[in-house]
Amino acid sequence: MAIRIIYYGIYILNYAIWIYSIVMVIDAILSWVPSMRDSAVGRIINRIIDPYLNLFRKGPIERLSQTSGIDISFLIGLLLLYFVQDYAIKWLANILFRIFA
């Protein structure tokens, strides 16, 4: 029973990360057209995505975006999500399966 709960929990977590990464891509596309970003949907997506991306918009990345106008926080955030989805969740699943199996 515990293994089934772990399995479904990991499945839901993977699915949530996938949905969040899709919303991140939509936010990046909306940022290219200011009128779309200022729409109601654009503001909602912005409220969902910006707190996560603001974690990466500090320090050297902030200076890079100020000097060059290129914001790479989206790429760093997306790569981190993919790392968590592909590696960290699998490591956690293996640990939990060994404990409860």
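The values are calculated or read from the model by the stated rules, or taken from the named source; none is laboratory data. The structure displayed is predicted, hence computed values, not measured ones. Quick reminder, even Gly has a Cβ in these numbers, built from the backbone with ideal geometry, and neighbours come from all protein chains shown. Only protein heavy atoms, including side chains, enter the accessible area calculation; ligands, DNA and RNA are left aside. Shrake-Rupley method; radii C 1.70, N 1.55, O 1.52, S 1.80 Å.
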Check: If you check Ile99, Ile10, which single one turns out to be more than 15 Å from the chain's Cα centre (by Cα), β-branched (Val, Ile, Thr) and open to solvent by 100 Å² or more (accessible area, probe 1.4 Å)?
Finding: Ile99
Next item on the list: Would you check which residues across the range 45-79 are under 16 Å from Ile19 (Cα atoms), open to solvent by 90 Å² or more (accessible area, probe 1.4 Å) and touching a Leu at 6+ places or on another chain (Cβ under 9 Å) and list them?
Entry: none
Checklist line | Meets criteria (in contact (Cβ under 8 Å) with a residue 60 or more places away in the chain, touching a helix residue (DSSP H, G or I) at 6+ places or on another chain (Cβ under 8 Å) and open to solvent by 90 Å² or more (accessible area, probe 1.4 Å)) for Ala93 | finding: no
